[in-house]
């Protein structure tokens, strides 16, 4: 950004232009056109709009996890989507440590798979909770045993099954956990140079906190990339049928209890007369026997009615409906 001129400098510049001391064309910027670098090894296949929509999807996924996982772990689970970014698969795999928990998930009918990477300390905490412990991770990392992997697999299957609902507005999927890998070398699902989107989620199980990374290859999401935008997303979040929605509301409202009162009449008595009332005494009301009664729904006068009986109970028969304009 250029320097801001003072008012005196502006006045001097205008005066010099009027006197012809220099030509305006001399002030034109003769710099070369700006060229934007493009890395062909890392083509930008994911736009910011795509990444933002993925964050929205996994925010929904996080709410499902925080609701369902406490049933199995008997601990509060808090989920927060941290960020999303587009990188190459080699950058993702090179950043993995051993041991690592990688869930390879088939996203049928989409071709290809995605990866759920769970921090090892979360894996140890899950095993401890499932075996009746307090959910503490190990002081020193080690390889997971076969029994521990089977226990973790039960929780991973639950996490994978919950994926279908957040993706409902984009595509109907039937996710399935294919396997769990503890070595990143055995999870080469795509070419190292392929672009992927990574959504990072912070998972807190009780007092234990760790990250879950969801690796989404471009080749897997390519058929639905046009739908990964917020405009399509929000336009899809509608009821399939407005008629069904209306019927559901009417059904809920019809079961709501509503207090109804019918006033026979009013009377004014002194405190002395009120304290000396006995069985059989008569209180004179301000209405006649053949007059219509006012019926209130809540505190609103809604009907007029005539008194009567229905079986062994007192009742009223509605004679007219009082509209708002009345």
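The values are calculated or read from the model by the stated rules, or taken from the named source; none is laboratory data. These numbers were taken from a predicted model, which means no experiment stands behind them. With ideal geometry, Cβ positions are generated from the backbone for all residues, glycine too; neighbour counts draw on all protein chains shown.
Summary of values
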| read-out | value |
| --- | --- |
| Among residues of the range 295-317, those that are surrounded by 12 or more Cβ atoms within 10 Å (Cβ to Cβ) and under 48 Å from the mean Cα position of the chain (by Cα), counted | 6 |
| Positions within the range 259-317 being in contact with a strand residue (DSSP E or B) (Cβ under 8 Å, 6 or more places away or on another chain), outside any strand (DSSP E or B) and modelled with pLDDT of 85 or more, in sequence order | 259, 292 |
| Every residue from the range 185-230 that is part of a strand (DSSP E or B) and under 22 Å from residue 109 (Cβ atoms) | 195, 196, 197, 199, 214, 215, 216, 217 |
| Residue within the range 222-237 that is in contact with a strand residue (DSSP E or B) (Cβ under 7 Å, 6 or more places away or on another chain), surrounded by 15 or more Cβ atoms within 10 Å (Cβ to Cβ) and modelled with pLDDT under 90 present | no |
| Some residue of the range 167-177 being touching a strand residue (DSSP E or B) at 6+ places or on another chain (Cβ under 7 Å) and closer than 18 Å to residue 198 by Cβ | yes |
| Within the range 100-111, tally of residues that are within 26 Å of the chain's Cα centre (by Cα) and either farther than 14 Å from residue 154 by Cβ or part of a helix (DSSP H, G or I) (or both) | 8 |
